[in-house]
Amino acid sequence: MANDIDQSQITPQQYEILHGGGAEAAEIAKRRLSRRRFLRRSMLAVWGLSATSSVAGALCMLYPNLSSGTFGSIQPAGKKSDFKAALPHQFQLNQAGVYYIPVARTYIIHLAAHTNFLLSGTVLKEEQQSEWWIKDSDGSYWIALYQRRVHLGCTVPFRNDCNSFKCPCHGSHYNLDGEYLDGPAPRSLDRFQLSFNSDEVVVNTGILNYPSHPVAHPDATTRILAVPSVSCSAA
Ligand code: FES
């Protein structure tokens, strides 16, 4: 029993009693064991809280902050009229077709109703649904692209000179609808849910890539928009 007790905390009187045995020694040992259990449980609780907050911090780095009142929740992005629709070759950042919304960390894409697509019919409709395109009542199309690159997390502006998104970190390249073009990225850009509240555009930055899954590298059967005709340098 003496080995289970923290000897350094024992007063000389207690030491004598313990080594003498008897009921008094048993009572002291019992009290000290209870204190050791309490301390051990307290340390485990502190460790558990620390581990939980570390995991939560890591998740916040990887994914939108689902608990904040700003990014990670529903964000009004502006009036529909703030986002002029454009054909792909007309896109100019914050002027036509593509608009950056800092509070939502999102690019709003607004494609004109008479945009030409590589697919048609049911195939086009299904692919647009799976890539979270929203068709408006005037026939135009909306997409909310998450600004964060899907390779190693760099943030990349839309490049007017490339008519597309090009990441300066390792060169991943995405079409103006977020579809993968080339580079090391494992998939196309991620998307948020976009909806309308009357004439207001709303982005739900707490929901990523629903309703199906992240958009994979497109192929000839799934690519929606033609590859930009301009070349894009690394700079
Ligand atoms: S983080 Fe953008 S290509 Fe690697």
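Computed from the coordinates by the stated procedures, all read-outs in this text should not be read as laboratory data. These figures come from a predicted structure and were not determined experimentally. Counting neighbours? That spans all protein chains shown, and the Cβs are built from the backbone with ideal geometry, glycine included.
FRET efficiency for the pair SER212 and CYS154, taken as 1/(1 + (r/R0)^6) with r the Cβ-Cβ distance and R0 = 25 Å, rounds to 0.50. Each label point was placed 7 Å from the Cα along the Cα-to-Cβ direction; for ALA234 and PHE117 their separation is 3.6 nm.
Annotation: the residues LYS84, LYS79, sorted from fewest to most other C-beta atoms within 10 Å of their own C-beta, follow the order LYS79, LYS84.
Each other residue within a Cβ distance under 14 Å of LYS135 adds +1 if Lys or Arg and -1 if Asp or Glu, for a net charge of -4.
With each label modelled as a point 7 angstrom along the Cα→C-beta vector, the GLN92-HIS170 pair spans 3.5 nm. Percent of Cα pairs in segment 138-178 per distance bin of 5 Å, from zero to the largest separation: 6, 23, 32, 20, 10, 5, 3, 1.
Distance between the 7 Å Cα→Cβ label points at SER137 and THR221: 3.7 nm. Put in order of Cβ neighbour count within 10 Å, fewest first, the listed residues THR222, THR155, THR205, THR122 become THR122, THR155, THR222, THR205.
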